[in-house]
Amino acid sequence: MTDHTRTHPSALRRFLDGQSSAGLVLMGAAAAALIIANSPLGPGYEALLHVYVGPLSLAHWINDALMAVFFLLVGLEIKRELLDGQLSSWSRRVLPGIAAAGGMIVPALAFAALNQGASLRGWAIPAATDIAFALGVISLLGKRVPASLRIFLTALAIIDDLGAVIIIAFFYTANLSIIDLAGAAAVVAILIGINRYGVRSLAPYLLLGALLWVLVFRSGIHATLAGVVLALTIPMDRTPSRPDCETRSPLHRLEHFLHLPVGFLIVPIFGLANAGVPVLSLPAEALTAPVTLGVALGLLVGKVVGVFGLSMLAIRIGLADAPAHAGRLQMLGIAFLCGIGFTMSLFITLLAFPGDALLQSEAKIGILAGSFLAGAIGYAILRWAKPENRSSYP
């Protein structure tokens, strides 16, 4: 390894390291939220979230505005990986794509099997994977997890995020305002125009992005999707310059700038604001309610069956190669880590059950229980599993 490589680690390495550390911070925020919600501070915690700051409550500022920045980063990562990263060719997309599809479809079916009526709106809650949380667990394992599996998990989670964005856009959209949608479309057209014209300063994109957020917020589509749309219009060079160079493309500059505040501030704030479930004050039947069980089993069982089952099938019939130096047991451990569905699952819960505190609490209990068990089992498997020196399985 050269001195230059040690001084300037790869973009993927910096991404994985940052996400792993952010996952540990998120774990702490989730634990703090649970402790506060079930302590004498609980009522004050709930009241604070409903305090209005200007036109919106604090909870809405967090869930609609701050999370739009999170989705902006998600969109930037999706675009970069599709154009010039781990998902830039079909051969690289096959295995994580199949695994991600299985990891979304099977948990949704597991939830639907236990729910009907109004609660069925939560079918997408267990379909999401929290990449920061999952990589946080992997970071505790050090070199026991091959680099190929970290890359596989990252690619899978990015495709998973893309699927979640599509689900939110098509299934969790309220009544639409045609005027505001037309205004949003006009702003997007301008963003595309300045991209084609060669504008590389981020300021015009971010100013127009703020206007786009307002119009999308008023249109009935969830405002966070404005972040994804904005990300797709920001210019990106296929081959970025050195990490320390000021001539990096706008997309790389913005992505680099957002990683720290999103990973270490925005997502932990979201977790702190939404993971606090007053378990002690809930009726006992909430622990075994269909929503609770549907989410927990979707994450703990559905994710494993979908991710591991379809991955093994794709490898067995020759559609894709197995990650290098990764054994079946390690693949199973990664599949369990995909059952950690914290951030995006909590977000979809708010969209699926707006105004229904009981259903939200049941879903959150399922998310916390399913994610904790999946993470613990995945950690235990990866802790003791041994790698294989083959890139395919017989």
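The values are calculated or read from the model by the stated rules, or taken from the named source; none is laboratory data. Computed from a predicted structure; not experimentally measured. Counting neighbours? That spans all protein chains shown, and the Cβs are built from the backbone with ideal geometry, glycine included.
Test of understanding: among V74, V94, V69, which residue is among the hydrophobic types (A, V, I, L, M, F, W, C), in contact (Cβ under 8 Å) with a residue 12 or more places away in the chain and more than 23 Å from V262 (Cα to Cα)?
V94
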Would you check if A113 is over 21 Å from F70 (Cα atoms), out of contact with any strand residue (DSSP E or B) (no Cβ under 9 Å at 6 or more places or on another chain), of a type in the set (A, V, I, L, M, F, W, C) and in contact (Cβ under 8 Å) with a residue 12 or more places away in the chain?
yes
Would you confirm, using the coordinates I've provided, whether A320 is within 22 Å of A101 (Cβ to Cβ), modelled with pLDDT under 95 and more than 20 Å from the chain's Cα centre (by Cα)?
yes
Looking only at residues in region 132-154 that are of a type in the set (G, A, S) and touching a residue at least 12 places away in the same chain (Cβ under 8 Å), which one is surrounded by the most Cβ atoms within 10 Å (Cβ to Cβ)?
A134
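Is it the case, given these coordinates, that A314 is closer than 28 Å to E362 by Cβ, assigned to a helix (DSSP H, G or I) and among the hydrophobic types (A, V, I, L, M, F, W, C)?
Details: closer than 28 Å to E362 by Cβ: no; assigned to a helix (DSSP H, G or I): yes; among the hydrophobic types (A, V, I, L, M, F, W, C): yes.
So A314 fails the test.
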Which residue pairs have Cβ atoms closer than 6 Å, lie 6 or more positions apart in sequence or on different chains, and pair a first residue in region 172-184 that is farther than 16 Å from V229 by Cα with a second residue that is of a type in the set (A, V, I, L, M)?
Y172/L351
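Being of a type outside the set (A, V, I, L, M, F, W, C) and more than 20 Å from the chain's Cα centre (by Cα) is the filter; apply it to region 118-147 and report the residue that is nearest to K386 (Cα to Cα). Show your work before the answer.
Pass one, region 118-147, residues of a type outside the set (A, V, I, L, M, F, W, C): 119, 121-122, 126, 129-130, 136, 139, 142-144, 146.
If we keep only those that are more than 20 Å from the chain's Cα centre (by Cα) too, we end up with 119, 142-144, 146.
Working: S119: 42, G142: 13, K143: 11, R144: 8, P146: 10 Å.
Filtering first and then ranking leaves R144.
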Looking only at region 344-394, which residues are at pLDDT below 90 and in a loop (DSSP other than H, G, I, E, B)?
G355, A385, K386, P387, E388, N389, R390, S391, S392, Y393, P394
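Considering L300, L215, L280, which residue is farther than 27 Å from A127 by Cβ and crowded, with 22+ Cβ neighbours inside 10 Å?
That would be L215, the only listed residue that is farther than 27 Å from A127 by Cβ and crowded, with 22+ Cβ neighbours inside 10 Å.
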Every residue in region 317-343 that is assigned to a helix (DSSP H, G or I), of a type outside the set (A, V, I, L, M) and surrounded by 19 or more Cβ atoms within 10 Å (Cβ to Cβ), please.
Q330, G333, F336, F342, T343
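Do the conditions hold for A59, that is, is it under 26 Å from A155 (Cα atoms) and either among the polar types (S, T, N, Q) or assigned to a helix (DSSP H, G or I) (or both)? Please lay out each step first, then the result.
Details: under 26 Å from A155 (Cα atoms): no; either among the polar types (S, T, N, Q) or assigned to a helix (DSSP H, G or I) (or both): yes.
Against the criterion (under 26 Å from A155 (Cα atoms) and either among the polar types (S, T, N, Q) or assigned to a helix (DSSP H, G or I) (or both)), A59 does not qualify.
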Quick check, is L87 at pLDDT 90 or above and surrounded by 14 or more Cβ atoms within 10 Å (Cβ to Cβ)?
no
Any chance you could count how many residues in region 170-199 are assigned to a loop (DSSP other than H, G, I, E, B) and either under 23 Å from R121 (Cβ atoms) or modelled with pLDDT under 90 (or both)?
6
Looking at region 188-212 only, could you name the residues that are within 22 Å of I168 (Cα to Cα) and buried (at least 22 other Cβ atoms within 10 Å of the Cβ)?
G209, L212
Within region 229-278, work out how many residues are at pLDDT 85 or above and either farther than 20 Å from F133 by Cα or aromatic (F, W, Y) (or both).
18
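Residue-by-condition table, conditions (1) surrounded by fewer than 18 Cβ atoms within 10 Å (Cβ to Cβ); (2) free of Cβ contacts under 8 Å to residues at least 12 places away in the same chain; (3) out of contact with any helix residue (DSSP H, G or I) (no Cβ under 6 Å at 6 or more places or on another chain); (4) more than 26 Å from N175 (Cβ to Cβ):
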site: S345; (1), (2), (3), (4): no, no, no, no
site: G355; (1), (2), (3), (4): yes, yes, yes, no
site: L358; (1), (2), (3), (4): yes, no, yes, no
site: A363; (1), (2), (3), (4): no, no, no, no
site: I367; (1), (2), (3), (4): no, no, no, yes
site: G370; (1), (2), (3), (4): no, no, no, yes
site: A374; (1), (2), (3), (4): no, no, no, yes
site: G378; (1), (2), (3), (4): no, no, no, yes
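Within the group L162, L120, L109, which residue is within 25 Å of L26 (Cβ to Cβ) and touching a helix residue (DSSP H, G or I) at 6+ places or on another chain (Cβ under 8 Å)? It would help to see each step written out before you state the result.
Numbers: L120 fails: within 25 Å of L26 (Cβ to Cβ); L109 fails: within 25 Å of L26 (Cβ to Cβ).
So the residue among L162, L120, L109 that is within 25 Å of L26 (Cβ to Cβ) and touching a helix residue (DSSP H, G or I) at 6+ places or on another chain (Cβ under 8 Å) is L162.
Is there a residue in region 29-43 that is among the polar types (S, T, N, Q), out of contact with any strand residue (DSSP E or B) (no Cβ under 6 Å at 6 or more places or on another chain) and either under 24 Å from L232 (Cβ atoms) or modelled with pLDDT of 90 or more (or both)? Show your work before the answer.
Step one: of region 29-43, the residues among the polar types (S, T, N, Q) are 38-39.
Filter once more, so that each one left must be out of contact with any strand residue (DSSP E or B) (no Cβ under 6 Å at 6 or more places or on another chain): 38-39.
With either under 24 Å from L232 (Cβ atoms) or modelled with pLDDT of 90 or more (or both) added as a condition, the list becomes 38-39.
Yes, some residue in region 29-43 is among the polar types (S, T, N, Q), out of contact with any strand residue (DSSP E or B) (no Cβ under 6 Å at 6 or more places or on another chain) and either under 24 Å from L232 (Cβ atoms) or modelled with pLDDT of 90 or more (or both).
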